[in-house]
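What follows draws every value from the coordinates through simple rules; no lab data is involved. Bear in mind the structure is a predicted one, so any value in this text is a computation, not a measurement. Virtual Cβ from ideal backbone geometry, glycine too; neighbours counted across all protein chains shown.
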Amino acid sequence: MSVFPRSLWAGCCAALLLSACATAPLPPAQTDSVPVAIGTPGEAATAAPIPPTAPGSLPQQTVAPANAPPLLDLTVPADDLWQRIRNGFGMPDLHDPRVAERQSWYLNRPDYLRRIFERGSRYLYHIVTELEKRGMPSELALLPMVESAFNPTAVSTARAVGLWQFIPSTGRTYKLDQNWWVDERRDILASTDAALTYLQNIYEMHGDWQLALASYNWGEGSVGRAIARNQAKDLPTDYASLTMPAETRYYVPKLQALKNIIAQPELFGIRLPPLPNQPYFETVMKPPRIDVAVAARLAGISVEEFVALNPAYHRPVIDGAQAGDALVLPAGTSATFLANLERYAAEDRPLSNWVTYAMKKGDRLGKVAARFKMSEARLRQINGITPRVKLRPGFTLLVPRPGSQAAIDLMAQALPKQAPEKPAKSSNKKTSKAAAKARPAGKSTAPVRAGKAKSAPTKKKAAAVRKKK
């Protein structure tokens, strides 16, 4: 009987044990997670199938979320204009301590916010619609809150005018007429079109909305030079890194603060006023000549509401050749306006209670005013006569038609004042170099003034004047 060596016997036992371990099946994987499927409350959740695993890999299991957040369908129009504005937010957020500071400033002035929202309710639908047509972010619809508090007759010390606060030179570059009859920087339709075109131009210049906004406030030339200085020092050139005036430094934080409040009003404990997602106004062709008061009467609205929608006109008479070919009326009133206009024509009633009067030799403004049963102050106000205006024979005035009811005091109070003629000594408002794409404005029409117009003094004349002094 042969006997295996002890060492050989031990080796065989080890080999058999290793072979058994290699062929033993793996135990099923254990997991503490419970598979959940999206369904209505009360429905039993079913486990998702486990995909086959590759040899040597651990088994995987897919778990469906219990409550998936609802998807926002941007193809369905929002019932609320505030939500439509939120849906269109597209600018990167500015993270700056000044944003919280501005938020606190606004939130501590609820009456101020209420007035802004109330004024803006007339114009926001139109602005948002125009932004969407151009593919621009809807934050820009809030910019008039920063610029003018949505006051279309606002005038700054730099002679910037209107919702979008255009200075005269930029307004002319973007074809906004400024003459004796109208100032289209206040026109809702024309100024909005010009402002969005301007913003598009400076965005294309910088490729950054925060820099574009800084340019809108400070001037694209100033922003360009600030960028160049940082580039020369190998410094960042974003909005937060540039050296700029305090007004411009706070400009974007103001807009960001308003965006934050409108994005999540419940977070700040405020309730936004209802703002339906529908047009506030419509347009109608205007007659060749009509009084502001008569136009409001034909539409069945107050003079104040008419002026709020047609703030470009600063005379009591609307010249049909000025500020486009349309009047802006509250939605649903154009049919009433046209029906009453037809009735006026059938009854041969005048659409204007104002006529022109040419001053004669020896005329004094006070005597002319008394002749037409109005005060000299009202006559000056209606005709935009400032102390700088020289009155000569042939100077044309608007005066009430004899025997008419011209509502002199109402017109003087309701009509916006003409922007001051003298420029401010210093201004950092918008320059207009980015407006190269826009054509210059045409000549304006105004009542005839006697005598030659004074031209702007040349450098030689200015030097001569200084020498005389």
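Remarks
- Bridgeable aspartates and glutamates around LYS259 (alpha carbons under 19 Å apart, same-chain partners fewer than 8 residues away excluded): ASP80, ASP93, ASP96, GLU101, ASP111, GLU118, GLU130, GLU132, GLU139, GLU147, ASP208, GLU247.
- Residues ARG343 and GLU204, FRET efficiency given R0 of 51 Å [Cβ-Cβ distance, rounded to 0.05]: 0.50
- Between LYS361 and ARG392, the contour length at 0.36 nm per residue exceeds the alpha carbon distance by 10.4 nm.
- Backbone amide hydrogens, once placed in the peptide plane, bring ILE318 within less than 5 Å of ILE290, ASP291, VAL292, excluding anything fewer than 5 places away on its chain.
- Only Cα sites of region 183-269 enter the Debye sum here, all with the same form factor; the resulting log10 I(q)/I(0) across q = 0.17 1/Å is -0.81, listed in q order.
- Prolate/oblate/rounded label for region 161-307 (Cα gyration tensor, a/c 1.5): oblate
- Pair TRP105, LEU267: separation of 7 Å Cα→Cβ label points (nm): 2.0 nm
- For ALA326, the residues 5 or more places off, or on other chains, whose built amide H falls under 5 Å of its own are LYS286.
- Label reach from GLN231 (point 7 Å along Cα→C-beta): in region 205-225, amide nitrogens under 19 Å belong to 205-216, 219-225.
- Charge-dipole axis of region 354-413 as Lys and Arg at +1 and Asp and Glu at -1 on Cβ define it, positive-most pick from SER404, MET374, MET359: MET359
- Legend: residue pairs LYS175/LYS367; LYS175/LYS286; LYS373/LYS417, Cα-Cα distance threshold 28 Å; pairs beyond threshold, LYS175/LYS367.
- Net charge of Cβ neighbours under 10 Å - reference ASP319; Lys, Arg +1; Asp, Glu -1: +3
- Taken one residue at a time, the phi angles of region 212-219 give Karplus couplings (6.51, -1.76, 1.60, θ = phi - 60°) of 5, 5, 4, 5, 4, 8, 9, x Hz. Gly and Pro are set to x.
- Computed label-point distance, nm, for sites SER156 and GLN278 using a 7 Å Cα→Cβ extension: 3.6 nm
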